[in-house]
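Visitor: Have a look at this one.
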Amino acid sequence: MPGQRSITEVEKLAAAKLGDFSIRRDQMTAVANIYRAASAVRQHLENSVLRGSDLTWTAFVVLWVVWVWGESETRHVAEEAGISKGTLTGVARTLESRGLVRRADHPTDGRLVLLALTDEGEELMRRVFPAFNEEEAFVTGQLSDAECRSLAEGLRSVVLQVEEHGEERRRTLLNGAEPAPRRSGRRPKA
């Protein structure tokens, strides 16, 4: 579990520290718990199923992206994996040395590099992913199927908010302008 304190202890400490602040506590707690949940899940998966295959979280995510997308430009793999191109270079070299991915020059643009799984990489993902999914089921074991769907939908909305409006918000904040007023309520379902 990440950190030395339990989630309950951290929540109590934060509430005591922020007692006088005029803040949106529910939103703060939601974002803090997204981070804590992601860290706890990542650490659990690395220390259980991924350790047995000598994979880090980042290596697994890179393999997953290439497995799902097929052969892809490294810049797209890095973006989808949420890592820098420099980090991807090191991870790809390690995976290539293990015979799990192959790098190739782009056929029409010599500046670009493509990544693809080797047969060994494909076999590894076919073997590891079912065990990975069993651990996904374990970490969500306190939730019903309906609660899992609701959680996934809520987190998807968080991602869409950042994807659709984050760049504009960042530009506004960097330019020192007042951000647009907060929207209240939920966004209508598409």
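Visitor: Counting just the residues of segment 113-126 that are in contact (Cβ under 8 Å) with a residue 12 or more places away in the chain and not in a strand (DSSP E or B), which one comes out nearest to Ala30 (Cα to Cα)?
Guide: Met125
Visitor: Being hydrophobic (A, V, I, L, M, F, W, C), in contact with a helix residue (DSSP H, G or I) (Cβ under 7 Å, 6 or more places away or on another chain) and assigned to a loop (DSSP other than H, G, I, E, B) is the filter here, so list the residues in segment 1-40 that pass it.
Guide: Hit for segment 1-40 is Met1, nothing else.
Visitor: Restricting the search to segment 134-148, which residues are open to solvent by less than 70 Å² (accessible area, probe 1.4 Å) and among the polar types (S, T, N, Q)?
Guide: Thr140, Ser144
Visitor: When only residues in segment 41-59 that are of a type in the set (Gly, Ala, Ser) and assigned to a helix (DSSP H, G or I) count, which is most open to solvent (accessible area, probe 1.4 Å)?
Guide: Selected residue: Gly52.
Visitor: How many of the residues in segment 125-141 are among the hydrophobic types (A, V, I, L, M, F, W, C) and in contact with a His (Cβ under 9 Å, 6 or more places away or on another chain)?
Guide: Residues that pass the stated criteria total 2.
Visitor: Next question, about the same structure. Given the options Ile83, Ile34, name the one that is touching a residue at least 12 places away in the same chain (Cβ under 8 Å), under 17 Å from the mean Cα position of the chain (by Cα) and either open to solvent by less than 50 Å² (accessible area, probe 1.4 Å) or within 30 Å of Thr108 (Cα to Cα) (or both).
Guide: Exactly one of Ile83, Ile34 is touching a residue at least 12 places away in the same chain (Cβ under 8 Å), under 17 Å from the mean Cα position of the chain (by Cα) and either open to solvent by less than 50 Å² (accessible area, probe 1.4 Å) or within 30 Å of Thr108 (Cα to Cα) (or both), namely Ile83.
Visitor: Quick one: is Leu151 part of a helix (DSSP H, G or I), among the hydrophobic types (A, V, I, L, M, F, W, C) and open to solvent by 50 Å² or more (accessible area, probe 1.4 Å)?
Guide: Judged against the criteria, Leu151 is a match.
Visitor: Just to be sure I understand the filter: pairs with C-beta atoms under 6 Å, separated by 6 or more residues or on different chains, first member in segment 136-152 and under 21 Å from Arg42 (Cβ atoms), second member open to solvent by less than 60 Å² (accessible area, probe 1.4 Å) and among the β-branched types (Val, Ile, Thr). Which pairs pass?
Guide: Note: pairs meeting the criteria are Val139/Val41; Cys148/Thr140.
Visitor: Shifting gears a bit: Is it true that Glu73 is open to solvent by 70 Å² or more (accessible area, probe 1.4 Å) and closer than 18 Å to Val113 by Cβ?
Guide: Criteria not met by Glu73.
Visitor: Can you tell me which residues in segment 92-112 are open to solvent by 50 Å² or more (accessible area, probe 1.4 Å) and part of a strand (DSSP E or B)?
Guide: If the condition is that a residue be open to solvent by 50 Å² or more (accessible area, probe 1.4 Å) and part of a strand (DSSP E or B), then Arg102, Arg103, Asp105 are the ones that fit.
Visitor: Out of everything in segment 19-31 that is closer than 15 Å to Gly154 by Cβ and surrounded by 13 or more Cβ atoms within 10 Å (Cβ to Cβ), what residue ends up being modelled with the lowest pLDDT?
Guide: In this case the residue turns out to be Thr29.
The values are calculated or read from the model by the stated rules, or taken from the named source; none is laboratory data. Being a predicted model, the structure only gives us computed values, none of them experimental. Glycine gets a Cβ as well: all are built from the backbone with ideal geometry, and neighbour counts include every protein chain shown. The protein model used for the area step is the full one, side chains on, heavy atoms only, and it has no ligands, DNA or RNA in it. Shrake-Rupley method; radii C 1.70, N 1.55, O 1.52, S 1.80 Å.
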